[in-house]
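Before any comments, here is the structure.
The values are calculated or read from the model by the stated rules, or taken from the named source; none is laboratory data. Predicted model, so just to flag it, every value in this text is computed and none were measured. When we count neighbours, we look across all protein chains shown, and the Cβ atoms used for this are built from the backbone with ideal geometry, even at glycine. These area figures cover heavy atoms from the full protein model, side chains too; ligands, DNA and RNA do not enter into them. Shrake-Rupley method; radii C 1.70, N 1.55, O 1.52, S 1.80 Å.
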Amino acid sequence: MYQSRFTRSLEENPGARAVRTAVFMEEQGYKNEFDELDAVSVHLCLYDGDTGIACARAYPAGEGKYILGRVAVRKDYRGQRLGSRLVTEMEDYLRREGAAEIELSAQLHAMKMYAALGYAEVPGSLHDDEGQPHMTMTKRL
């Protein structure tokens, strides 16, 4: 089975960088994938041996709120519910860190997965991220 690795820096989790590069930059065409938030985030990556196959990050946004993002699964590993596994594992981790609420910005095609995990759409929050429509969703833990 796949191994989970949580780190406090992207440099300690090279699989997460590789997954985000493959999915967001190479596959989806994003240009601004890595930013200053990586330095203050917890990074989760699922590994198949030494290969990163799926990842997510979360960072604190004050008063028990965290922002979850950069949830990505390599194309060859999709259809195995790894996105749901990432979100669930990150929620468990953040609860231990004192999180009471998680907010995320979902690509429209992923909203159904997040809704099935208990996230609710924030009405009127449709926005654009590098040409890709996203919807803000939240969940109380």
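Computed quantities for the displayed model
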quantity: Odd one out for L94, checked against (1) open to solvent by 10 Å² or more (accessible area, probe 1.4 Å); (2) touching a Leu at 6+ places or on another chain (Cβ under 8 Å); calculated: (1)
quantity: Segment 51-68, residues that are modelled with pLDDT of 95 or more and either more than 19 Å from M90 (Cα to Cα) or open to solvent by 20 Å² or more (accessible area, probe 1.4 Å) (or both); calculated: T51, Y59, P60, A61, G64, K65, Y66, I67
quantity: Total residues in segment 63-116, condition free of Cβ contacts under 8 Å to residues at least 12 places away in the same chain and among the small types (G, A, S); calculated: 1
quantity: Leading residue by the ranking (modelled with the lowest pLDDT) among those in segment 76-103 that are acidic (D, E) and within 21 Å of T7 (Cα to Cα); calculated: E97
quantity: Cβ-Cβ under 8 Å pairs, at least 6 apart or on other chains, segment 1-16 side within 8 Å of L44 (Cβ to Cβ), far side surrounded by 15 or more Cβ atoms within 10 Å (Cβ to Cβ) and modelled with pLDDT under 95; calculated: A16/L10
